[in-house]
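Right, one structure below, let's go through it.
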There are 6 protein chains.
Amino acid sequence: MGTEKKILVINPNTNAEMTRTIAAAAQSCADPRTKVDVWTNAAGPLSIEGFFDEVLSTPSLLEILVREEANYDAFVIACFSAHPAVTAGKEVIQKPVIGIFESSCLLSCLLGSKFSIVTTSARWEPLLEEGVRQIGLESRCAGVLSSGLAVLDLEEKSLEEVEAMLLSAGERAVERGAEVICLGCAGMAGLSEKLEERLHLPVVDPIASTVKLAEALIYQNLSTSKIGAYRSVEPRGTVGLSPTLADVYRG
Amino acid sequence: MGTEKKILVINPNTNAEMTRTIAAAAQSCADPRTKVDVWTNAAGPLSIEGFFDEVLSTPSLLEILVREEANYDAFVIACFSAHPAVTAGKEVIQKPVIGIFESSCLLSCLLGSKFSIVTTSARWEPLLEEGVRQIGLESRCAGVLSSGLAVLDLEEKSLEEVEAMLLSAGERAVERGAEVICLGCAGMAGLSEKLEERLHLPVVDPIASTVKLAEALIYQNLSTSKIGAYRSVEPRGTVGLSPTLADVYRG
Amino acid sequence: MGTEKKILVINPNTNAEMTRTIAAAAQSCADPRTKVDVWTNAAGPLSIEGFFDEVLSTPSLLEILVREEANYDAFVIACFSAHPAVTAGKEVIQKPVIGIFESSCLLSCLLGSKFSIVTTSARWEPLLEEGVRQIGLESRCAGVLSSGLAVLDLEEKSLEEVEAMLLSAGERAVERGAEVICLGCAGMAGLSEKLEERLHLPVVDPIASTVKLAEALIYQNLSTSKIGAYRSVEPRGTVGLSPTLADVYRG
Amino acid sequence: MGTEKKILVINPNTNAEMTRTIAAAAQSCADPRTKVDVWTNAAGPLSIEGFFDEVLSTPSLLEILVREEANYDAFVIACFSAHPAVTAGKEVIQKPVIGIFESSCLLSCLLGSKFSIVTTSARWEPLLEEGVRQIGLESRCAGVLSSGLAVLDLEEKSLEEVEAMLLSAGERAVERGAEVICLGCAGMAGLSEKLEERLHLPVVDPIASTVKLAEALIYQNLSTSKIGAYRSVEPRGTVGLSPTLADVYRG
Amino acid sequence: MGTEKKILVINPNTNAEMTRTIAAAAQSCADPRTKVDVWTNAAGPLSIEGFFDEVLSTPSLLEILVREEANYDAFVIACFSAHPAVTAGKEVIQKPVIGIFESSCLLSCLLGSKFSIVTTSARWEPLLEEGVRQIGLESRCAGVLSSGLAVLDLEEKSLEEVEAMLLSAGERAVERGAEVICLGCAGMAGLSEKLEERLHLPVVDPIASTVKLAEALIYQNLSTSKIGAYRSVEPRGTVGLSPTLADVYRG
Amino acid sequence: MGTEKKILVINPNTNAEMTRTIAAAAQSCADPRTKVDVWTNAAGPLSIEGFFDEVLSTPSLLEILVREEANYDAFVIACFSAHPAVTAGKEVIQKPVIGIFESSCLLSCLLGSKFSIVTTSARWEPLLEEGVRQIGLESRCAGVLSSGLAVLDLEEKSLEEVEAMLLSAGERAVERGAEVICLGCAGMAGLSEKLEERLHLPVVDPIASTVKLAEALIYQNLSTSKIGAYRSVEPRGTVGLSPTLADVYRG
């Protein structure tokens, strides 16, 4: 069927188990015409938990975007942060690139006057608060709350323990005025239901939500504006880059 | 098929011709599983062009929401403004209610660092600037620009004239730093293509975009949070309301 | 005496007992040249406690404004919220229309570096916080605090109980940095004194304050600007409106 | 009559001619029960046109407040700026002290969605923009516009010339979205009418407006909160202060 | 050596003991080419603890700036507040004038995503929060926390007691998200080390930091812009000023 | 001499000619006890002109920081942007890492009420405006102005042409209210003087300024807070990283 569309969801963590969790969420509610593929990052740390991790995971993500641009209609960067691959990706290719952080925060705004992000370790609190300010939603956000989980705990701890820690963070969010919870980690995909039931409020799954927003763009033929911040890369000399990335600069 | 979902798009203008324009856009890129119906408001002015028009169009819109809640999975209020039927609607029913203003501004954020709204008459500039602040996106918006068109001009003037006026407003938006244009009137549905071509930037159609965002919610089973601003109406005495609306207060 | 001025204070709640409370506060400190009348809304719920109540109380309020414009110098909308009758009223008539929410918050700013609003039920917290942002005073407001009272409790509970609940909310406000308390409900008129005494800070009565601000406008011959957001209504067709309101569109 | 109230309007400029202009505006629309006196500052520059002028005009203003506290119900500081005598005055006495800048900006908010300040020389633009931010009204202000007049020009240039320069600044304000003009200099008192007529919008006279707001406070028995920023001065040793001011520190 | 530079650090408190503390910090880490002198204010209260104190301490500070301009390359106003002598000083002389509040807050931003100010008495909380907003750093500040100390306690209480009170305020700051502590009083100079050790975060000494920033300006030959807010004083008549200050107006 | 300190200024552009310009500025006004070394990035594009360039230049910059941490007291990242190597660098090492963008904007605040950034190509306008918001200085910035120069033009065009283009951008900045110009490109080091002379305002050289701020930190023994956003990297598995970077994760 001519209108079939393909989305590639890229896991920036070099962690195939998390990619399986992501895949399940990504496909759970897609349009029947959409084919969703997933990809695990080929270089970088096992989990992304800060600025250093983010930048080291980026070059290989950009390689995938450049190599696969012709094969997909949109790309999702599945790290819940203001990840540099999102902005660099919007710049280097023509097809839509969206991050799960920006898109799930935006979607949360449709469900209540204020949302909170429930995230993993404490370090993410200042990082995501800064991220919320970057995307301009500081007046809609009732705070970022760490559950105390490490990213990798999501796979290692028991489901009960994980849910209890998320619930406790969710309760603190409600006290601060949150009406909606946005799950703040790609690895939390699939955990929204229990939280919703216990807190009696909508819980946004970042992976499933971002796939739906990617569809909102591609079925309308919308893509990144190339006249401002995300203008295409201009040809220049380079040193020491991989062939794929150096090629981008050849023009 | 069990997963079929139904969306009702309500035109707050008492203007059936505009509803036809809206219908075409609403259905243009929906999920094949989605059935989109449209409805023209039964009471109020022919076009909505300010605060007074908005509030007079609201009681009959709320009647529709209350009466049709059981028949649809989501409701779209097709007036590009911080229309009071959106907030009152989120409060009075359990199913998702979304306005085309909030949702298309949010979607525009995925396409560039700043968007502008191109709207009809000059009065909308202060109203929509205030609206943008209400939804918290003031730092992402490069301004609201009136095209000088009246809402009804969209049907009365020639297509060439309308497009020329939109283009001129769009050019001013680009000068102010807009990377994305959001069409700021339900009656502009279907006009994005020409503008996109001429300005070389993405132009967001508010009707089509909102239908896609409504789908993003309903295929994920997400709806308005009922624990804060949009708690359900509590039983109370009333005077002089229509039977349908008075009934809401009976509990 | 030629300079006598008349102000109509309209209670949007369809609740004559509350109107009597309002009347007492409204007349308590007016200029001797000012005649203050009060009016109880003819349609809508007994008390206004959310978005839905607000919009349903509005058409009949607008009718009063239109019919009585010639007989008064200014109109006060006595609901402590960003009530849609305030903006629509500013648009539809030439005489000043002011709401008790905006005016008493503005006056509170003259009395300290930060004010807090002490209101009735918890739902008002997100609504009034959004309202404070709309009028632009978010940096002057140390928070909106629910006393846990329902609007109708103000007449049904004992004075001691009401005062104790307000006092407890007031104490929480002081902990958050409030230097001034603004009473956040028309029905709280007359309750400022005891609170002032116990908290040792100024407590602003929204009704009395708004009458004084209405006087500030009318004795200076100032009224709403008609060149921007509140331009007069332009003639158009309408469907299903009351004769008085339909008449506004006849031009 | 027991309810008579007295307001002292203090001109911080050491310029008796300007005091006469101020007196006329101050008394023009007061409550018949209010007695308004005026006072010319005893020390400082002939006109206040910047930070240096402000602080040098302050000690003698504070002496007046301290000496006259018992004789008046409220004090108005008639310099259109974030003048340090306003904050220090609120601290040092118990009676209300209000500045014409803060109060007339707040009143302007009741008349339209955005106001602009039309001021004298260009230096006031950054100072008053900073002042607007200090009082928290940056989102309500469409800019501060210099008319190019020096403060003393208001008395030396012909009325026609002065009005023409104000009109030109007012027109630029309207282009920027102002719906209301606030006259940004005490010496402009009495000039609002012509501007109003020509620009078809409300023009706020800062002196007359502030007297009305002072009345709003005193007829409600409201005064500055003494629990936060404006707590009373605590006893301490001093060096080199005038006897009146040194006395304040004796406790 | 031709490149030697001289900085005068002026203590606005009329308190020679505090000046000694300031002197030690000021010289502790200066460039070997810099000569730092200190000066105790000749008029005003023994300690600066609010708006009233600030303005009374200002005329004599401005006299020093005017008289000593030729002898120094930069001037530091050693009061941790938005002290009016800083803005008036920038206006009245050509050489750089910087306050310890603005400069140490700016430097704190280089050390973490959020800083907090630990100050003396509770009154400073609203004043410094307003000050942080004035310098534009509200999004970088995790709050101003009073230690409960009076300014003069810094010299009168035992070092242990002072450190314990600072530590307790610092711990509350960390709970609120502070990553850096900025000591909020000139008299706290020299107390950073113990706090740093106990809280495991950088603690900024406002005196030492400001001397380094003054050096950053003078060794680059940078000084206050004279084209906007800080334009030079224009000649005018004056009444009752000291000869030195009246002279400034002679042009 | 024991107190000698060493700063490494790293040019993220793989462009040795620009490093020479940077070196001259960096050493021009350092403390005599400071030794400043420079380093040219070993991988990435010849010039940094957007998000994609930034992230590709980062891994090799981080390698330098990690390898050289023991040999220097502070590190300067000489790209005028919110470069990801600055935040990742603050995280990965203990010694201070500062970027020329954040530090020169902060220093500019000491010189006037508003500064503007004069930068190279138009793409930098949205990027640096977002950057200014990230560092929290949006209320102090009168805009980012492109001179129309490409980064490499700074070395290829004649000095006259470069200065004329900067001057023209500077004049537009002054019209927008800038009182201070901050040169927005590492390659503009050394160009401040002519601009200062022609525009009669202070022009901040980002390289020289950042070296002075680095000194402000190191001579006070201040470094990045490690308790929040910049906590040290925790041990984890990695894939495909260089030995130096993989080593960081070994703990």
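What the table shows:
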| read-out | value |
| --- | --- |
| Residues that are at the interface with chain D (Cβ under 7 Å from one of its Cβ atoms) and part of a strand (DSSP E or B), drawn from the range E:31-60 | E:44, E:45 |
| Odd one out for residue A:85, checked against (1) of a type outside the set (Val, Ile, Thr); (2) surrounded by fewer than 24 Cβ atoms within 10 Å (Cβ to Cβ); (3) in a helix (DSSP H, G or I); (4) in contact with a Ser or Thr (Cβ under 9 Å, 6 or more places away or on another chain) | (2) |
| Residue that is farthest from the other protein chains (Cβ to nearest Cβ) [pool: residues in the range F:118-144 that are more than 24 Å from residue F:11 (Cβ to Cβ) and basic (Lys, Arg)] | F:133 |
| Set B:45, B:84: member being at pLDDT 95 or above, on the phi < 0 side of the Ramachandran plot and over 15 Å from the mean Cα position of the chain (by Cα) | B:45 |
| The range B:148-172: number of residues that are at pLDDT 95 or above and in a loop (DSSP other than H, G, I, E, B) | 0 |
| Residue count for the range A:37-68, restricted to those that are farther than 17 Å from residue A:79 by Cβ and either of a type in the set (Val, Ile, Thr) or surrounded by 18 or more Cβ atoms within 10 Å (Cβ to Cβ) (or both) | 1 |
| Residue check, residue E:45 in contact with a Ser or Thr (Cβ under 6 Å, 6 or more places away or on another chain) and under 21 Å from residue E:129 (Cα atoms) | no |
| Count - residues of the range A:218-250 that are within 7 Å of another protein chain (Cβ to nearest Cβ) and within 17 Å of residue F:60 (Cα to Cα) | 6 |
| Total residues in the range B:197-240, condition crowded, with 17+ Cβ neighbours inside 10 Å, over 21 Å from the mean Cα position of the chain (by Cα), in contact (Cβ under 8 Å) with a residue 24 or more places away in the chain and over 30 Å from residue A:190 (Cβ atoms) | 3 |
| Filter pass, residue A:194 being part of a helix (DSSP H, G or I), more than 9 Å from every other protein chain (Cβ to nearest Cβ) and under 24 Å from the mean Cα position of the chain (by Cα) | yes |
| Residues of the range A:61-82 classified as under 22 Å from residue A:117 (Cα atoms) and either more than 14 Å from chain F (Cβ to nearest Cβ) or assigned to a loop (DSSP other than H, G, I, E, B) (or both), total | 6 |
| Residue E:115 being without any contact (Cβ under 8 Å) to a residue 12 or more places away in the chain and at the interface with another protein chain (Cβ under 10 Å from one of its Cβ atoms) | no |
| Count - residues of the range B:88-104 that are part of a helix (DSSP H, G or I), touching a residue at least 40 places away in the same chain (Cβ under 8 Å) and within 11 Å of the chain's Cα centre (by Cα) | 4 |
| Top-ranked residue in the range E:2-24 [being away from chain D (no Cβ under 14 Å) and under 14 Å from residue E:77 (Cα atoms); ranked as surrounded by the fewest Cβ atoms within 10 Å (Cβ to Cβ)] | E:23 |
| Whichever residue in the range C:83-101 is touching an Asp or Glu at 6+ places or on another chain (Cβ under 9 Å) and away from chain B (no Cβ under 14 Å) and, among such residues, is nearest to residue C:184 (Cα to Cα) | C:96 |
| Count - residues of the range D:149-161 that are surrounded by fewer than 22 Cβ atoms within 10 Å (Cβ to Cβ) and within 14 Å of chain E (Cβ to nearest Cβ) | 5 |
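The values are calculated or read from the model by the stated rules, or taken from the named source; none is laboratory data. None of these values were measured; they are calculated from a predicted model. All Cβ positions, even for glycine, are placed from backbone atoms using ideal geometry, and neighbour counts span all protein chains on display.
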